[in-house]
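Structure, as structure tokens:
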Amino acid sequence: MIYRETGHFVTNYLKDREIFPLKFDKIIVILGLLFLYLYMPTTSEYMLSAHVIPILAVGLATVGLNILTGLTGQLSLGTAGFMCVGAFGTYNLMLRMPENLMSLPVALLLSGIFAGLVGVIFGLPAIRIKGFYLLVSTLAAQYFVWWFFNSYAWFLNYESSGVVAIAPHMYDYWGLGNLLGVDMQGYPARYLLALTICIGLTYFAKNLLRSNTGRNFMSVRDRDIAASVMGISVPRTKLLAFFVSCFYCGIAGGIYSFLYIGNVDLMIYEIDRSFTILFMLIIGGLGSISGSWLGAIFVYEFPILFTWVGDTIFQGAFNTAVVENVSNMVYGVFIIALLIREPGGFAALWATTKQKLRMWPYPH
Amino acid sequence: MDWVYLIEVLVGGLMSGVMYSLVAIGFVLIYKSSGIFNFAQGTMLLFASLTFVKMTENGIDFWTALFIAAGIMVIFGIATERYVIRPLANQDLLALFMATVGLATFQEGFSQFIWDSDVHGLQMSKFLDIGLLDPAPIFVSDHIPWLDILIPKFDIFASLVAGSLIVILAFFFQKTRTGLSLRAVSDDHMAAMAVGIPLQTVWAIVWAVTGIIALIAGLLWAERVSVSFTLIEAVMKALPVILIGGLTSIPGAIVGGLVIGVGEKLGEIYLADVFGGQGIELWFAYFMALIFLVFRPQGMFGEKLIERV
Amino acid sequence: MAESLLKVNNIEVVYNHVILALRGVTLDVEEGKVVSLLGANGSGKTTTLKACSNLLHAERGAITKGSIEYQNNDISKSDAYNLVKDGVVQVLEGRHCFSHLTVEENILTGSFIRENPKEAKQDLERVYDHFERIRIRKKSLAGFTSGGEQQMIAMGRALMSRPKLILLDEPSMGLAPQLVEEIFAIVKNLNKEGVSFLIAEQNAMVALKYADEGYIIENGRVILKGKAKELLERPDVKEMYLGVGEEGKTSFRDIKYYHRRKPSFT
């Protein structure tokens, strides 16, 4: 066996706190990073634009939702709304701020903070409302944000079609592209920016999980009364979770609009997207960061794969409506089957498999 | 202010509130008995009414079609319990919620796959000779001279149906042994199993009853709007209603529906201009629910949260 | 020798397909007896009880080996509903009252298993006679009652199904010593009326005092069985479970000797 969990001895506290304490894990992570940074950008433009970048965007939103729902236990259906704030925020910052001040990464960060603040406002009721009742707050956020951007045309720069394309100069990065001689609007450059943000934020989330703050989140999730008895300020913890989560979602929205589709379109931030992201979270496994990514990949690719398989087998013998309906049916059944097999999602499935491998060849 | 107009608005609001309540009742029934937040309520509405409409379009008479559709809904409810809810018993509530979203996705595809995705109209007065189904409205001024408003007869019919549903269900929950078992199950699955309450049977009953309620609500909605994809969105309308009323209370579903119905109408008339935009009904109901919940976190009639550490 | 009511034959229980909780538990409850199952946390007491009452699958557990017989019928493939009907009922650890139902409604839920609603009235009186404490609280919500009262509600609820065997899981949990004695005294009274008990307990002193027989379980295995009185006398049991040793301290090496020995009856 090449991969083993034994033979690892820590000699100081710093080593004990490493994210990947195992040497083999480290190697895998480094290989993975090399693959993502060196090989991925050289694959086809289609691969990047239709698969990888959208997965990065929705995956980041899933990680964000995970912080709120998986870690802190506050159910939210407003994810798409918060993404919408991020997308519109980024667009308006890029549009209205002086060009030499604003660049896409800065605008993303600022609109992420803005989305976080919006999240805190809609998170305020969470101080009093618990459980499924909290849905009303996040749904209010979802519908209100959507309506707000739809009603006030100023945010869309008075574009009557409701979709505004992103001007090429917005990918300027203070003239960095010209300097390096790289097409910054091209998909490889977009991909690298999205990837870097996602890796950075995933790393942050992973660390958050192990920090004092993360433990506060989890104690509020498991039993908020017990947490408050322990001296944890429950309202503050909940609001902080809302802020961090919506910060992630806002940035994810910016990435989705700017780095993936290349325009700001209200229609893609409807309630359905909130559900899709919740699906990704549940299928991936609540509370697991890597699970969120797995869930995002799976849920995003499943309909694509299904349509593709259907097309190759039946060669378009059925019309699109039939294919869509059947796809919905299969998808629904699949989700139910997966939840029955493992309600904890991919993360739990993985943990069980690992446990089985440790015991192998004994059954238990 | 023209107060006759106000009364007309209020009455209109109450009537649309009844429609919300009809969807909400099914929701509450399932939540109360199993703690499951059933997102498939909207697609059940669609499936039931689509099944019914397609049958009548193919020349089957009203009562036979109603009977068959009810039968299909019962079978569907029992199958849902058997293949979705039972294997997931005792799992995390979020997993169960997601399973019902999966169920909704399946049902959305399924009902449009076996039937079609067209928009169908439904006019019950064509089949039933009940005075209340007559499209002509009631002129209240005929009876009360100073009150010059119109009430569609159909709305009164819908309210009567909703009212009788409540009475039946309230009796069922408070007085029968099955009702008490339902409440016990919703409190603690494990303990209910331990004292020998047949969980599966209880749930199968609930899902079957919910299926029939979905059929009734679906037909009434269909008469008002039409049978189409949009029926699924009825579920989003019912959400604030049950949250205001309290997830576990059937009278709450009714009162919540009326509050939302009236509030929405008033908001549309008096507040839309303030916000300078159309379509505030998208979020207005949720804001109302939010304000209610801040004062009463478990809804108006919801069970008070009992917590001990 | 009395008729055997419940026979557990060498069962193995696995949770979630990987976690082995029981690795060979064998026990026997004779009719009219009180049997105690002792052991530390996580030793498998609750799992054994849930295996007997068929509640395991709700926690993703399954019996992979062995069999459970009740009145000489194999019940490991039965379900909780039918078992309660046949007279085996479990009182769960941590009470598990229906907190939004009143005390009386809670107790009544136990009677739904039987066809005749009229009998329920008599049974209700019987329950109140045994548990005087909860009679006065019958109209209040169960969620607001104290721990001791909740334990009584749970036991009363189980009693409503007129069981032959009650599986009682950790009745002393979180209760004052006086209340524990009270609960066990009720157990003894019920036993006189002909109900057999299988009790999982941590409080070995009380459990053995009121029991006829005792089993000690450790790491998912029965390591010791015997008459309750004899167990109380054994020095190793005294040391490990009752906290009263011989003079001076014994080293752990010496007191653990019985772990290595294979139980004589398997």
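The values are calculated or read from the model by the stated rules, or taken from the named source; none is laboratory data. Keep in mind the model is a prediction, meaning the values are calculated, not measured. Because the Cβ atoms are built from the backbone with ideal geometry, glycine has one as well, and the counts that use them run over all protein chains shown. Keep in mind that these areas ignore ligands, DNA and RNA; they rest on the heavy atoms of the full protein, side chains included. Shrake-Rupley method; radii C 1.70, N 1.55, O 1.52, S 1.80 Å.
Accessible area buried by the pairing of B and A, both sides summed with a 1.4 Å probe, works out to roughly 4200 Å².
Of the listed peptides C:212-225, C:133-146, A:347-360, what is their order by residue-averaged count of other C-beta atoms within 10 Å, with the highest listed first?
Values: C:212-225: 21.1, C:133-146: 17.1, A:347-360: 14.6.
Averaged packing, sorted descending, gives the order C:212-225, C:133-146, A:347-360.
Mean projected area of the convex hull spanned by the Cα atoms of the protein assembly as shown, taken over all viewing directions: 47.5 nm².
Which whole-number value in Å² is the accessible area per residue of the stretch B:3-295, probe 1.4 Å?
Numbers: 10740 Å² over 293 residues.
With the other protein chains kept in place, the stretch B:3-295 gives 37 Å² per residue.
The stretch A:249-364 has equivalent-ellipsoid semi-axes of 30, 22, 12 Å, by the square roots of 5 times the alpha carbon gyration tensor eigenvalues, sorted largest first. Overall dimensions of chain C, expressed as equivalent-ellipsoid semi-axes from the Cα gyration tensor (√(5λ), whole Å, largest first), are 31, 22, 17. State the percentage of accessible surface on the stretch A:20-268 attributable to carbon and sulfur atoms; use a 1.4 Å probe and exclude ligands, DNA and RNA. On the stretch A:20-268, the fraction of accessible area on carbon and sulfur atoms equals 69 percent.
The GNM of chain C, with springs linking C-alpha atoms under 10 angstrom apart, assigns the highest mean-square fluctuation among C:87, C:174, C:66 to C:174.
Accessible surface calculations at 1.4 Å, restricted to protein heavy atoms, place the stretch A:75-213 at 42 Å² per residue. I need the shape label for the stretch B:179-309. Rule: rounded when a/c is under 1.5, else prolate if a/b > b/c, else oblate, with a, b, c from the alpha carbon gyration tensor. In terms of gyration-tensor shape, oblate. For the peptide B:286-295, the mean number of other protein chain Cβ atoms found within 10 angstrom of a residue's Cβ is 5. Here the extension length gained between residue A:226 and residue A:359 equals 44.3 nm, from 0.36 nm per residue of separation less the Cα-Cα distance. Using only the C-alpha atoms, the convex hull of the stretch C:14-142 corresponds to 147 Å³ per residue. Using a Gaussian network model of chain A in which every pair of alpha carbons under 10 angstrom is joined by a spring, one finds that among A:17, A:221, A:236 the greatest mean-square fluctuation is at A:17. For the stretch B:1-99, the alpha-carbon coordinates run over 58, 42, 17 Å along the three principal axes, in decreasing order. Residue by residue along B:177-187, Cβ atoms of other protein chains within 10 Å of the local Cβ number 4 on average. Size of chain B: Rg and Dmax of its alpha carbons, in Å, are 20.0, 63.
Work out the P(r) tail for the stretch A:1-149: percent of alpha carbon pairs separated by more than 28 Å, whole number. Show your work: numbers first, answer last.
Numbers: 5032 of 11026 pairs.
Value for the stretch A:1-149 (Cα pairs over 28 Å): 46 percent.
Springs between alpha-carbon atoms under 10 Å, Gaussian network over chain B: tell me which of B:281, B:81, B:264 tops the mean-square fluctuations. It is B:281. The 3J(HN,Hα) values that the Karplus relation (6.51, -1.76, 1.60; θ = phi - 60°) gives for the stretch C:170-175 are, in residue order, 6, x, 8, 4, x, 10 Hz. Gly and Pro appear as x. Straight Cα distances below 18 angstrom link residue B:153 to the lysines B:126, with same-chain residues fewer than 8 positions distant left out.
May I ask you to give the percent of accessible area on chain C that is carbon plus sulfur, with a probe radius of 1.4 Å?
49
Mean partner shielding of peptide B:108-119, defined as the number of other chain Cβ atoms within 10 Å of each residue Cβ, is 4. Taking only the C-alpha atoms of the stretch A:20-268, the Rg (one decimal) and the largest Cα-Cα distance, Dmax (whole number), read 19.0, 59 Å.
Classify the stretch A:189-274: rounded, prolate or oblate, from the alpha-carbon gyration tensor (a ≥ b ≥ c, eigenvalue square roots; a/c under 1.5 rounded; otherwise prolate if a/b is larger than b/c)? Walk me through the intermediate numbers first.
Details: a/c = 4.06, a/b = 1.96, b/c = 2.08.
Oblate shape, in that a/c is at least 1.5 and b/c is the bigger or equal ratio.
Heavy-atom accessible area, probed at 1.4 angstrom with all protein chains present, ranks A:334, A:9, A:149 as A:9, A:334, A:149, highest first. Beta bridges per DSSP, both residues in the protein assembly as shown: antiparallel share near 65 percent.
Close Lys pairs in the stretch A:20-268 (alpha-carbon distance under 27 Å; sequence gap of 8 or more, or different chains): 5. For the stretch A:296-364, the normalised intensity computed at q = 0.12, 0.19, 0.25 Å⁻¹ comes to -0.48, -0.82, -1.07 (log10 of I(q)/I(0), Debye sum over alpha carbons, equal scatterers, no solvent). Here's the list of aspartates and glutamates a cross-link from residue B:175 could span, going by alpha-carbon distance under 16 Å and ignoring same-chain residues fewer than 8 apart: C:104, C:105.
For residue C:223, the residues whose amide H sits under 5 Å from its own are C:216, C:217, C:218, ignoring neighbours fewer than 5 places away on the same chain, with H placed 1.01 Å from N.
With a 1.4 angstrom probe, the accessible area lost at the B-C interface totals about 2500 Å².
Among the listed pairs A:354/C:77; C:33/C:77; C:33/C:229; C:7/C:50; C:85/C:118; C:7/C:77, give every one whose C-alpha distance is greater than 20 Å. Correct reply: A:354/C:77; C:33/C:77.
Return one whole number: the accessible area per residue of chain C in Å², for a 1.4 Å probe. Walk me through the numbers on the way to the answer.
Working: 11880 Å² over 266 residues.
So chain C comes to 45 Å² accessible per residue, rounded to a whole number.
When the surface is traced with a 1.4 Å probe over the full set of protein chains, residue A:6 keeps roughly 100 Å² accessible.
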